[in-house]
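One structure is given below, encoded as structure tokens.
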Amino acid sequence: MKELLKQLPKMNELLAHPDIKAWSDVYHTSFIKDVSNHVLDQTRQAILAGSVESVDQEAIVQAILEQLSDKSTPSLQRVVNATGTVLHTNLGRSVLSEQVMDKIKEVGMSYTNLEYKLAEGHRGSRYSHVEDLLCELTGAEAALVVNNNAAAVMLLLSATVPNKEILVSRGELVEIGGSFRIPDVIESVGATLKEVGATNKTHIADYERAINEETGALVKVHTSNYRLIGFTETPSDKELVDLAHEHNLPAFNDLGSGLMLDLQSIGLPYEPTIAESVSAGYDVVTFSGDKLLGGPQAGILVGKKDYIDVLKKHPLLRALRVDKFTMAALEGVLRSYRQPSRAFAEIPVLSLLNQSEADLLAKAEQLQEAIEQLDLDFEVSLVSAYSQVGGGAFPEALLPTTLVQVSHPSYSESQLERYLRLSKEHIIPRISDGAVQFDVRTLLASDLDRITDVLASINEMK
Ligand SMILES: *Cc1c(COP(=O)(O)O)cnc(C)c1O
């Protein structure tokens, strides 16, 4: 064992190795040393554990080179979303258009008027770039943008009703995933949640009975990612808003996804739009930028000027503020909404949702043919199925789609899935019995070629 330890290469020998030395253009020597030490340590541990019989110097060099190379690959990568879930939170939710990305690039690589009024030549507000647009599109008096919708809700409650009781229906105590749970959010800002009604039924009288001098606000939370069906009841927006205002209390609405346009025209169920929620009289309405709006990650608050003004002055806003990239993207996306037909054409999230069954079938046939032409023993078939909206929106909506189902006699579905995921294109398919499936709904223009390219090298699978 001692002999083996002695045979480990010395650090200066490793650093002098031409292939390792070549990395000094990329990394500082101390970093190369750390990586080399890490590999030496692992080998040393293996020797001490008795699992190594001879020291292979060349294998150690190769291991170091592999780690140096791995570390030069950025962690955040593009992936091919073949799951069919349009707003896939794990895969980064919405996709932005080239037009919007051009704008982000332009403002990123230059100075901007982010907080500068060009007309007057003095300091301005970063929020001004989208406030008028948001008001125009939603009918609200004022608007504000923060980091995400979770931040929007926290800012709203912290600034307006800390230390107060907040009334929420028992049917709306939503968990969004990650760590966003309405009861926890309310508690975290120092307010007290007062649950109202029953899980399936909440009447306006339940809210009325719960109001006392400790009450701070009535909050309606959109049940984004689940539905109560059967024997259910909730008061209308108007009843809730009227009751709040009779008692001089604010009524807030956390809409979650936030629809700028009614999507029934493309086959989705009815959900209230942001404008409807504003016109119902809610004092502040909050929603996400990167769910169905199809924009960058952001939390948007629209509503009465008196309330938004309070939020604008709250110190928490500074901690939640968005940068010029978010502003550029959000402005670009909102501008498309001025003409709904443009919105469907220009906002990728909406165009992905709006594909016809015939278009999806044609896309699937194109992919099927390309895979069959590889002539590599893939069994390819088309399967009718449903895609999901995702992002905790429209949980019950069924979007008809076509899956391209692929199997191979030499590989199991989990081998195929792993191969696709770890390939240079990082393809994320669905999996079913013995096969992987590509839902063509979420495949972008160049993705068919990416999938075919990767499948072409299947026999190099390690
Ligand atoms: C998604 C969602 C949130 C959180 O929004 P993020 O933008 O992900 O922070 C909050 N409330 C509801 C009802 C939601 O659907």
Select from the range 220-252 the residues that are within 16 Å of the ligand (Cβ to nearest atom) and exposed (fewer than 14 other Cβ atoms within 10 Å of the Cβ) and write down the one among them that is nearest to Pro395 (Cα to Cα).
Tyr226
What pairs come out if I take residues in the range 251-276 that are assigned to a loop (DSSP other than H, G, I, E, B) and pair them with residues that are away from the ligand (no atom under 16 Å from the Cβ) whose C-beta lies under 6 Å away, six or more apart or interchain?
Met260/Tyr337; Leu261/Pro340; Tyr270/Gln264
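For the range 376-396: of the residues being under 18 Å from Phe438 (Cβ atoms) and within 16 Å of the ligand (Cβ to nearest atom), which is modelled with the highest pLDDT? Steps first, please.
The first filter runs over the range 376-396 and keeps only residues under 18 Å from Phe438 (Cβ atoms), leaving 376-388, 390.
Among the residues that remain, those that are also within 16 Å of the ligand (Cβ to nearest atom) are: 388, 390.
Numbers: Gln388: 94, Gly390: 89.
Per the criteria, the residue is Gln388.
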Among residues of the range 69-93, those that are out of contact with any Ser or Thr (no Cβ under 9 Å at 6 or more places or on another chain) and open to solvent by less than 80 Å² (accessible area, probe 1.4 Å), counted:
7
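Take the residues in the range 167-180 that are among the aliphatic types (A, V, I, L, M) and within 14 Å of the ligand (Cβ to nearest atom), then tell me which one is nearest to Pro250 (Cα to Cα). Show your work before the answer.
Restricting attention to the range 167-180, the residues satisfying the condition of being among the aliphatic types (A, V, I, L, M) are 167-168, 173-174, 176.
Right, trim to within 14 Å of the ligand (Cβ to nearest atom) and you get 168, 173-174, 176.
On the way: Val168: 13, Leu173: 19, Val174: 20, Ile176: 24 Å.
Taking the candidates together, the pick is Val168.
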Going through the range 393-426 in order, the residues found to be part of a strand (DSSP E or B) and farther than 17 Å from Val86 by Cβ are Val404, Gln405, Val406, Ser407, His408, Tyr411
Among the residues in the range 185-197, are any of a type in the set (Gly, Ala, Ser), crowded, with 17+ Cβ neighbours inside 10 Å and farther than 30 Å from Glu331 by Cα?
yes
Do the conditions hold for Leu382, that is, is it on the phi < 0 side of the Ramachandran plot, hydrophobic (A, V, I, L, M, F, W, C), outside any loop (DSSP other than H, G, I, E, B) and buried (at least 22 other Cβ atoms within 10 Å of the Cβ)?
no
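If I ask for residues that are more than 9 Å from the ligand (Cβ to nearest atom) and open to solvent by less than 10 Å² (accessible area, probe 1.4 Å), which ones from the range 285-299 would you list? Before you say what the answer is, go through the steps one by one.
From the range 285-299, those more than 9 Å from the ligand (Cβ to nearest atom) are 285, 292-296; that's our starting set.
Once the filter is applied, which keeps residues that are more than 9 Å from the ligand (Cβ to nearest atom) and open to solvent by less than 10 Å² (accessible area, probe 1.4 Å), the range 285-299 yields Val285, Leu292, Leu293, Gly294, Gly295.
Within the range 234-271, how many residues turn out to be more than 21 Å from Leu352 (Cα to Cα) and not acidic (Asp, Glu)?
The first filter runs over the range 234-271 and keeps only residues more than 21 Å from Leu352 (Cα to Cα), leaving 234-255.
Adding the requirement that they be not acidic (Asp, Glu) leaves 234-236, 238, 240-241, 243-245, 247-253, 255.
Residues meeting the conditions: 17.
The values are calculated or read from the model by the stated rules, or taken from the named source; none is laboratory data. Keep in mind it's a predicted model, so treat the numbers as computed, not measured. We place every Cβ from the backbone using ideal geometry, glycine too, and count neighbours over all the protein chains shown. Heads up: the accessible areas ignore ligands, DNA and RNA and are worked out on the full protein's heavy atoms, side chains in. Shrake-Rupley method; radii C 1.70, N 1.55, O 1.52, S 1.80 Å.
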